[in-house]
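> Here you go, one structure.
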Amino acid sequence: MTISSGTSHIKRLALVRTDNLGDFLMWLSAAACYRRHFHNAEISLFASEMLSDLAEAVPYWDKFVPLRLLECRPPTLSARNAKLSDFDLVVNLQYSRSLVADRFVSRLAAPCRSAIDAPSPNMSLEELASENQLYTTLLRLSPKPLHELERNFEIFNAISGAAERPHLEALGKFAARCSVPLPDRFVALFPGSSWKKRNYPWPRFVQLCETLHSRFGLVTVLCGSQSDADISGNIHANAPQATLNLNGKLKIRETFDVISRSSLVVANDSMAGHAANLLGIPSVCIIGGGYNQVFGSDQMPEGRFFPYPDHLVSPNQQIILNYDMECYGCSYHCKYDILVRDTFPCIDYVSVGRVIAAAEQLLLSAA
Amino acid sequence: MPTRFSQLLHLYLKGRAWLAAAQSSAMWNRPRDRLRAMYGGHSLRENAAALRHHLAPDKSPLGSLYKWAIQPLVRNLLPALTNDQSPLKKHAARLALSSVALLDRASPRLGWAAEAGVRAIQRRRRLHAAELPPAKLLLGPLKFVPHDTDLFSVFNHVAGEIYFGRRIYPIFSCPEARSANGQLKQFAYIDEACPNSWMEFFEPLAYASGDDLHQDIAKLSAMSSTSGHLAAPEFRHAKATMALYNRSDYQHWRWAVHNAVAHMIKPKRDILANIDAMLERMPGHRLGVHVCHPSHLFVQGKILLQHYFSKIDIILKRYPDSTIFLAADNDLAVAAFRYRYGSDRVLCHPGFIRQTVDDVLAWSYSLVQPKSDDMGFVGGIGFQTHYRIAAAGGGKEGIRNGKEAVTDVFTLAACDDFVCTASSFTLACAYLNPRQVQHFVSDGQD
């Protein structure tokens with residue numbers, strides 16, 4: 001379903017994304033399509049303020065309005081006078097809609113407001129029906145499970161009427177030179193994620209770092225946001241010779257530079273796994289079952305975020321490590337949440353031996 | 001507006017009703033909720049404080065509506081939003097969110113604020129649910145000093161810390177154990193003449209080839225110590241362990257811990273020889289049974305021998321060639337099992353320390369005196385074997401008792417089926433042999 005009145009008249013377009021960096025990276029190639037298609041329109045992007053460093057360097061929109069994700073409100077505007085500029089079209093780009101984002105979109109003055117009409121783990125069907133009333137156009141997409149990157153193109157095609165094929169964005173052009181001296185050869189490790197219980201247990205990363213140091217002479221560079229500082233601090237404290245802790249010291253675009261210069265990236269289900277794919281760097285990604293299902297006798301997961309479809313990323317470039325459980329596909333509404341202290345079982349049960357073996361496999365094949 | 005107001009009121013009242021139903025239901029008394037109370041760690045007051053910033057009073061008429069309806073609603077539903085996973089409370093939480101959505105239609109300012117508060121709480125819930133690691137937490141090497149409990153509870157703490165990723169070296173010595181615990185009441189497995197009685201039971205731990213640190217008592221003594229507090233709760237707390245047994249991922253858990261731990265801990269050769277000798281006498285299907293002294297009821301519940309028999313009878317129908325290996329700390333259980341299944345079928349390690357039938361009778365007579373407590377202690381004295389030996393200062397009897405416990409557990413772990421109760425033996429067998437089928441006996445129910 002496309003915008004009923006066509007898109008040629010649109011002079012002011014607002015795009016709203018309230019998700020995290022990894023989702024944003026997967027959307028960049030589709031963002032370029034929006035720029036090309038709406039070349040005469042002024043595009044405003046409303047997205048998390050934590051993306052500012054990157055979003056201000058990307059030329060696919062005219063104006064970036066940083067949002068505080070928790071409140072879904074531009075930090076520069078007080079709540080009382082939060083009336084924002086008029087737009088011809090506002091698109092809520094979230095496939096998994098949330099009450100917060102819907103509420104924000106309803107504050108943007110526009111004759112046409114568009115969103116995806118699909119069940120979301122963030123709201124009940126009744127709530128979805130209620131929130132749909134905020135929109136003038138609802139995009140009904142294929143019910144077939146798709147990777148998020150393909151879904152972004154499906155959304156773009158639905159809005160524009162175009163037939164763009166999914167492809168990866170070349171992220172390297174947005175990287176900024178890392179201001180910290182780096183070793184010649186190193187592994188980039190991102191031990192955190194947006195949710196503590198989705199982090200692979202950090203003591204096992206210590207084992208990985210020490211093994212890679214003793215067998216390959218590789219130093220592991222620890223990266224991540226400020227919220228991961230304790231984890232990286234602990235890894236570094238326990239493997240000081242094998243690690244270089246840059247956690248919290250780099251901007252996003254500098255992090256891309258670190259990834260692009262690394263021999264291997266090891267990450268949880270987080271931004272770094274996506275960035276490694278967009279930069280063409282081999283990576284090991286440890287994922288849980290929240291957004292995945294397991295099919296076939298080889299027990300390989302298929303999911304919304306990882307692994308990438310083979311036609312986009314070779315399976316030899318990224319090794320996905322998972323532990324199959326019958327509760328896969330829970331959207332991380334984990335039934336063990338209150339019973340486990342540190343890590344969701346589907347991630348905890350991935351043995352460190354598998355992580356080390358996968359890292360060695362990629363390092364040896366690159367050599 | 002009137003429609004929305006009435007809808008809001010309806011939702012509010014419905015939410016209150018659901019909450020009342022949830023609070024009054026028996027679910028609050030279930031172990032999971034007690035478990036949450038133990039580890040959940042956040043209070044209603046704390047959550048209310050998180051909201052206060054977002055839910056500032058408003059002087060408009062809508063502010064009054066908010067004060068009257070939304071504020072108490074959100075406040076009352078906070079426990080549902082933060083802690084509980086039960087369907088009733090999830091429903092209540094959804095109602096709260098629906099109310100917020102409705103209010104937003106009436107007043108975006110209030111809607112935003114209210115939902116921001118709810119989101120803040122949800123985020124806080126995620127953060128609090130995960131215990132953040134303290135900065136500069138050293139994984140080792142560390143000496144592991146036992147706390148005052150039975151041998152296999154300590155063993156499970158050791159396993160839990162190894163599974164967490166720590167490099168620990170147990171040191172079971174009189175000075176270390178007494179300086180950490182004071183007078184020992186349960187941990188009987190030390191002897192003044194033995195610098196590290198772990199070595200009497202198990203081979204030294206080695207984390208890499210050539211790692212002989214465990215045998216250097218002087219170096220070990222100088223190290224920082226741990227007693228297993230970083231092990232996950234299921235290794236340490238009986239209630240968390242019980243919750244684990246009921247989790248649908250229990251089998252996955254057993255394999256994960258087995259793969260990380262089982263190859264690390266090996267019994268001494270003389271103990272292995274005893275185990276092998278017993279297993280040779282069990283050529284067919286091996287059925288292990290663990291019977292505790294009845295004063296163990298504070299963990300396992302009121303188990304009767306009949307409860308074991310009914311489980312065993314079912315297994316014997318399926319595997320008629322089974323031999324039963326019985327690990328019991330009292331002769332009463334041995335006699336009862338041999339009477340029912342025959343001396344040829346029921347095997348025990350010979351000569352182990354067990355309470356006599358008279359000891360068990362003496363304990364039961366003591367219970368009619370007004371001095372017994374809910375731990376089965378009478379006049380402050382525990383009646384399980386290790387309590388008695390610990391009270392006598394451990395020594396050679398303590399070492400012997402420890403060797404016998406290790407022999408029993410590793411023999412049980414080698415069995416195909418295990419009829420068991422909630423005990424440290426059961427947990428140890430769970431990860432020592434994840435292929436073993438465990439049949440839980442508790443209070444006469446599965």
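Rule-based calculations on the coordinates, nothing more; no lab input. It should be emphasised that the depicted structure is a prediction, and the values quoted were computed from it without experimental measurement. Glycine gets a Cβ as well: all are built from the backbone with ideal geometry, and neighbour counts include every protein chain shown.
> Restricting to DSSP loop positions (anything but H, G, I, E, B) with no more than 14 other Cβ atoms inside 10 Å of their own Cβ, which GluC sites (Glu not before Pro) remain in segment A:299-367?
A:326
> Put a dot 7 Å past each Cα toward the Cβ at residue B:277 and residue A:36; how far apart are the dots in nm?
Reported label-point gap for residue A:36 and residue B:277 is 8.1 nm.
> When DSSP beta bridges are limited to those with both residues in segment A:12-169, what percentage is antiparallel, rounded to the nearest 5?
5
> Which FRET efficiency value, to the nearest 0.05, is calculated for residue B:225 and residue A:173 with the Förster distance at 41 angstrom and r the Cβ-Cβ distance?
The pair residue B:225/residue A:173 has a calculated efficiency of 0.15.
> Among the trypsin sites (Lys or Arg not before Pro) within segment A:143-195, which fall in a DSSP loop and have no more than 13 other Cβ atoms within 10 Å of their own Cβ?
Those satisfying the criteria are A:177.
> Placing unit charges on C-beta atoms (Lys and Arg positive, Asp and Glu negative, everything else neutral), compute the dipole magnitude of segment B:171-325 about its Cα centre in debye, rounded to 20.
780
> Using the per-residue mean of other Cβ atoms lying within 10 Å as a proxy for protection, in what order, highest first, do the peptides A:344-353, B:417-426 fall?
So the order, starting with the most tightly packed, is B:417-426, A:344-353.
> Next up: Mind putting a number on the dipole of segment B:267-440 about its Cα centre? Charges go on the C-beta only, +1 for Lys and Arg and -1 for Asp and Glu, and I need it in Debye to the nearest 20.
160
> Show that you can apply the helix-only estimate: for chain A, add -39,500 (n - 2.57) for every DSSP H stretch of four or more residues, divide by all residues, and state [θ] at 222 nm to the nearest 500.
The helix contribution divided over chain A gives -9000 deg cm²/dmol.
> How high is the FRET efficiency between residue B:317 and residue A:326 when r is their beta carbon distance and R₀ equals 35 Å, given to the nearest 0.05?
The value I calculate is 0.75.
> So how do A:283, A:232, A:142 line up by other beta-carbon neighbours within 10 Å, fewest first?
A:142, A:232, A:283
> Excluding residue B:178 itself, calculate the net charge of residues whose Cβ lies under 11 Å from the Cβ of residue B:178, where each Lys or Arg counts +1 and each Asp or Glu counts -1.
-3
> If you don't mind, another one. Is there a simple number for the mean count of other chain Cβ atoms within 10 Å of the Cβ of residues in A:323-336, and what is it?
2
> Moving on to the next point. Using a 10 Å cut-off around each Cβ, can you sort A:60, A:328, B:308, B:339 from fewest to most neighbouring Cβ atoms?
B:339, A:328, A:60, B:308
> Here's something else I'd like to know. Might you report the magnitude of the Cβ-based charge dipole of segment A:175-366 about its Cα centre, with Lys and Arg at +1 and Asp and Glu at -1, to the nearest 20 debye?
It works out to roughly 460 debye.
> Okay, which of segment A:190-232 sit inside 17 Å, backbone N to the point 7 Å along the Cα-Cβ direction of residue A:180?
A:190-193, A:206, A:209, A:219-232
> Turning to a different aspect of this structure: Would you please put A:258-268, B:430-440 in order of how densely packed they are, using the mean number of other Cβ atoms within 10 angstrom per residue and starting with the highest?
A:258-268, B:430-440
> Moving to a separate point now. Under a crude label model (7 Å from the Cα following the beta-carbon direction), how far is residue A:125 from residue B:353 in nanometres?
6.4
> Other chains' Cβ within 10 Å of A:189-196 residues: what's the mean?
2
> Residue B:136 versus residue A:365, label points 7 Å from Cα toward the beta carbon: distance in nm?
4.2
> Here's another thing I want to ask about it. Please compute, for peptide A:225-231, the average count of beta-carbon atoms on other protein chains lying within 10 Å of each residue's beta-carbon.
For this peptide, the per-residue mean of nearby foreign Cβ atoms is 2.
> Given the pairs A:197/B:219; A:196/B:239; A:197/B:266; B:185/B:219; A:173/B:136, which are separated by over 26 angstrom at their Cα positions?
Cα-Cα > 26 Å for A:197/B:219; A:197/B:266; B:185/B:219; A:173/B:136; rest within.
> Going by how many other Cβ atoms sit within 10 Å of their own, how do B:286, A:215 line up, fewest first?
So the residues, fewest neighbours to most, are A:215, B:286.
> Then there is this: If Lys and Arg each add +1 and Asp and Glu each add -1, what is the summed charge of the other residues whose beta carbon sits under 14 Å from the beta carbon of residue A:354?
-2
> Turning to a different aspect of this structure: For every other residue with a beta carbon closer than 12 angstrom to the beta carbon of residue B:416, add +1 if it is Lys or Arg and -1 if Asp or Glu, then tell me the sum.
Net of charged neighbours comes to +1.
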